[in-house]
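Undergrad: Quick one: the structure is below, and I'll ask about it shortly.
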Amino acid sequence: MKKIAILGSTGSIGTQTLELVRENPDLSVVGLAAGSNIDLFEQQVREFQPKLVSLQSEEACKELKTRLADMDVTVVCGMDGLIAIAEMEEAQVLVTAIVGMIGIRPTIAAIQKGKDIALANKETLVTAGHIIMPLAKERGVSILPVDSEHSAIFQSLQGENRERVRKLLITASGGPFRGKAREALENVRLEDALHHPNWSMGNKITIDSATLVNKGLEVMEAKWLFGVGLEQIQVVVHPQSIIHSMVEYVDGGIMAQLGMPDMKLPIQYALFYPDRRPMKGKRVDFYALGSITFEKPDMETFTGLKLAMRAAREGGSVPTVFNAANEMAVRLFLNKKIRFLQIPEIIEMCMDAQKRIASPSVEEILACEQETYELIRTKF
């Protein structure tokens, strides 16, 4: 029986992870944490019977305790709750499906306790990769990628000499506005930006896909996950989302992982690595597919990707500023407070205003996040 804990259980990755628990009787959930969706969270707790659960606010935790009074479960709260679940002695794997830099501290806590990490919280490595990866190596902990692109690279590296890697090719669907000129994006509606052509994801990551910011975050994450230089990572637009990413080796050979655009595959691969298990769902039908195509990303129209590459090159605290500015800007767009093209404008404003810290501590990363938020609040 493999015992897991999940941070972010009511989100897209969290709910799909729990679907896999239903389908695999030798998976057991010992801890669950979520944000504020009490109704769904209560259902999850009653179904999966974890020992320890957490919500973000004290008010929500108080209500949850009342609702679960008939159950033998401990309710904890906020950051302390996340860390308590991350450190659970019973858990072998921590699934970090929580969104944002809030995932940094619990991820570090889990690594220090020797837990393997099924990583879906890309912000952790984007902002604190210089802390996380050396610590994982020191503690002998596996960081198992859950993002489809990083899982594809991970799978394409199996059985190969990593010193023979020439290039990582990260694929991108191009989002709902692929091929459009910048002028056509001036009056984009929220509903249009949330209509992804291939993937079903949470609102925040769907907007990040539309701006191509998500691809930039993935580049930064890949740099840390696989220990390669930025010059060894290339973004390739692949509208069909069948090839999830590729690895080119020094002899010119390219290994690719293909599959339907379904997050359950990379989640299951991370949970059972190195085993592969049968899984329900559609399969790629090459006769029906007919062809697959590739394009160069348009970084002049989608400047979010261009800014992400700049943040990756500058390093230090700059990726934190990039990530925090994007989080706040996306929140403003989702609340219809700004226009779509203002998202990268806000990111660039914050990057230009920040004072770079070469190797920030966790405290400095979180302080930088708050300073970025405050700068945006003064402007919008």
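Undergrad: Output the number of the condition that residue 194 fails; it satisfies all remaining conditions of (1) among the hydrophobic types (A, V, I, L, M, F, W, C); (2) without any contact (Cβ under 8 Å) to a residue 60 or more places away in the chain; (3) over 16 Å from residue 334 (Cα atoms).
TA: So residue 194 meets the others, but not (3).
Undergrad: Could you please find all residues in the stretch 210-247 being surrounded by fewer than 22 Cβ atoms within 10 Å (Cβ to Cβ) and small (Gly, Ala, Ser)?
TA: Result: 227, 229, 241.
A quick yes/no check of all residues on (1) closer than 30 Å to residue 142 by Cβ; (2) among the aliphatic types (A, V, I, L, M); (3) surrounded by fewer than 19 Cβ atoms within 10 Å (Cβ to Cβ); (4) modelled with pLDDT of 95 or more:
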position: 249; (1), (2), (3), (4): yes, no, yes, yes
position: 267; (1), (2), (3), (4): yes, yes, no, yes
position: 271; (1), (2), (3), (4): yes, yes, no, yes
position: 292; (1), (2), (3), (4): no, yes, yes, yes
position: 310; (1), (2), (3), (4): no, no, yes, yes
position: 359; (1), (2), (3), (4): yes, no, yes, yes
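Undergrad: Here's a follow-up. Residues that are closer than 21 Å to residue 260 by Cα: find the helices (runs of 4 or more DSSP H) completely inside the stretch 151-249 holding 3 or more of those.
TA: 203-211, 213-226
Undergrad: All but one of (1) buried (at least 21 other Cβ atoms within 10 Å of the Cβ); (2) at positive phi hold for residue 330; which doesn't?
TA: The failed condition is (2).
Undergrad: Taking strands (runs of 3 or more DSSP E) that fall entirely within the stretch 19-101, which contain at least 2 residues that are farther than 30 Å from residue 365 by Cα?
TA: Filter on the stretch 19-101 gives 27-33.
Undergrad: May I pose another question? Return the residues of the stretch 14-24 that are out of contact with any helix residue (DSSP H, G or I) (no Cβ under 6 Å at 6 or more places or on another chain), over 15 Å from residue 106 (Cβ atoms) and not charged (D, E, K, R); say none if nothing qualifies.
TA: Once the filter is applied, which keeps residues that are out of contact with any helix residue (DSSP H, G or I) (no Cβ under 6 Å at 6 or more places or on another chain), over 15 Å from residue 106 (Cβ atoms) and not charged (D, E, K, R), the stretch 14-24 yields 15, 18, 21, 24.
Undergrad: Only residues that are more than 16 Å from residue 8 (Cβ to Cβ) and either part of a helix (DSSP H, G or I) or of a type in the set (D, E, K, R) (or both): list them for the stretch 102-124, please.
TA: Answer for the stretch 102-124, where residues must be more than 16 Å from residue 8 (Cβ to Cβ) and either part of a helix (DSSP H, G or I) or of a type in the set (D, E, K, R) (or both): 108, 111, 112, 113, 116.
Undergrad: Condition test on residue 32, is it at pLDDT 95 or above, buried (at least 21 other Cβ atoms within 10 Å of the Cβ) and touching a Leu at 6+ places or on another chain (Cβ under 7 Å)?
TA: So residue 32 does not fit the description; no.
Undergrad: Test of understanding: among 296, 355, which residue is surrounded by fewer than 16 Cβ atoms within 10 Å (Cβ to Cβ) and modelled with pLDDT under 95?
TA: None of the others qualify; the one that does is 355.
Undergrad: Which pairs turn up if I take residues in the stretch 148-174 that are in contact (Cβ under 8 Å) with a residue 24 or more places away in the chain and more than 13 Å from residue 228 (Cβ to Cβ) and look for partners that are in a strand (DSSP E or B) and small (Gly, Ala, Ser) with beta carbon separation below 6 Å, at least 6 apart in sequence or on another chain?
TA: 149/245; 152/245; 171/245
Undergrad: Separate question: Could you check residue 287 against (1) crowded, with 16+ Cβ neighbours inside 10 Å; (2) over 28 Å from residue 364 (Cβ atoms) and say which number it fails?
TA: (1)
Undergrad: Just the residues that are buried (at least 23 other Cβ atoms within 10 Å of the Cβ), of a type in the set (A, V, I, L, M, F, W, C) and more than 16 Å from residue 151 (Cα to Cα), please, taken from the stretch 105-131.
TA: The answer is 110, 111, 126, 128.
Undergrad: In the stretch 53-78, which residues are aliphatic (A, V, I, L, M), farther than 15 Å from residue 39 by Cβ and surrounded by fewer than 20 Cβ atoms within 10 Å (Cβ to Cβ)?
TA: 69, 71, 73, 76, listed by residue number.
Undergrad: Assess whether residue 10 counts as being surrounded by 19 or more Cβ atoms within 10 Å (Cβ to Cβ), part of a helix (DSSP H, G or I) and within 19 Å of the chain's Cα centre (by Cα).
TA: Taking the combined requirement at face value, the residue does not satisfy it.
Undergrad: Counting just the residues of the stretch 273-305 that are free of Cβ contacts under 8 Å to residues at least 40 places away in the same chain and part of a helix (DSSP H, G or I), which one comes out nearest to the chain's Cα centre (by Cα)?
TA: It comes out as 286.
Undergrad: When residue 320 is evaluated against the numbered criteria (1) surrounded by 14 or more Cβ atoms within 10 Å (Cβ to Cβ); (2) more than 19 Å from the chain's Cα centre (by Cα); (3) among the hydroxyl-bearing types (Ser, Thr, Tyr); (4) outside any loop (DSSP other than H, G, I, E, B), which criterion, by number, is the only one it fails?
TA: Every condition holds for residue 320 apart from (2).
Undergrad: Sticking with this one: Could you go through the stretch 55-71 and let me know if any residue there is under 25 Å from residue 323 (Cβ atoms) and among the small types (Gly, Ala, Ser).
TA: Yes; the residues of the stretch 55-71 include at least one that is under 25 Å from residue 323 (Cβ atoms) and among the small types (Gly, Ala, Ser).
Undergrad: I would also like to ask the following. Scan the stretch 250-265 residue by residue and report those that are assigned to a strand (DSSP E or B) and either closer than 24 Å to residue 309 by Cα or touching a Ser or Thr at 6+ places or on another chain (Cβ under 7 Å) (or both).
TA: 254, 255, 256, 257
The values are calculated or read from the model by the stated rules, or taken from the named source; none is laboratory data. Every value quoted in this text rests on a predicted model; they were computed, and no experiment measured them. So basically every Cβ, Gly included, is an ideal-geometry build from the backbone, and we count neighbours across all protein chains shown.
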